[in-house]
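Working notes, structure below.
The values are calculated or read from the model by the stated rules, or taken from the named source; none is laboratory data. These figures come from a predicted structure and were not determined experimentally. All Cβ positions, even for glycine, are placed from backbone atoms using ideal geometry, and neighbour counts span all protein chains on display. To get the accessible areas, we keep the full protein, side chains included, count just its heavy atoms, and leave off ligands, DNA and RNA. Shrake-Rupley method; radii C 1.70, N 1.55, O 1.52, S 1.80 Å.
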Amino acid sequence: MIAGGIGIAPMLILSDVLKKKKYELVLLFGGRERGYVYPMQEFKDNGVKVHIATDDGSVGHKGRVSVLFDRINKDPNHTFIYTCGPNPMMKAVQAFAASHGLLGQAACEEIMACALGACLGCSIETKSGFKTVCYDGPAFNLDEVKFH
């Protein structure tokens, strides 16, 4: 799991589900500074190995969450990436996954006005055209989304 900022929220729910399947769970989390870092005890209670990076180095490694990519198992047969956070971060995750042949999913963050797909306000660009996050997502295959 790779999360940035408020992208941490769906990762906790995901870790609750995946812990029951006995997977090795790793979370790479990036935040601006100490005040933006979610308390990680619930993840640790789920058996998740937590690695943190902050832009200012106040918690964990200094720099973007991408400085932690070396903590990911790069075996395509045993690794699946889930990501949620700012688009530039997910674009970096997408490039990392592609360069190592890893599959994954991205939970996209957009403002959802109608939640029905009618207003198209939450549209994102994908390889197969525009999709609405509220109706078609919010999770998409990582290699499908065109992050800008």
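Just so you know, in the range 43-55 the residues that are out of contact with any Leu (no Cβ under 9 Å at 6 or more places or on another chain) and not in a helix (DSSP H, G or I) include one that is most open to solvent (accessible area, probe 1.4 Å), and it is 55. Within the range 52-68, the set of residues being closer than 16 Å to residue 84 by Cβ and not polar (S, T, N, Q) comprises 52, 53, 64, 65, 68.
Within the range 54-78, the set of residues being within 14 Å of the chain's Cα centre (by Cα) and either among the aliphatic types (A, V, I, L, M) or under 14 Å from residue 1 (Cα atoms) (or both) comprises 65, 66, 68, 69, 72. Counting only strands (runs of 3 or more DSSP E) that sit completely within the range 56-148, zero hold 2 or more residues that are open to solvent by less than 50 Å² (accessible area, probe 1.4 Å) and farther than 20 Å from residue 10 by Cβ. Residues in the range 1-42 that are in contact (Cβ under 8 Å) with a residue 60 or more places away in the chain, open to solvent by 30 Å² or more (accessible area, probe 1.4 Å) and not small (Gly, Ala, Ser): 6, 10, 14.
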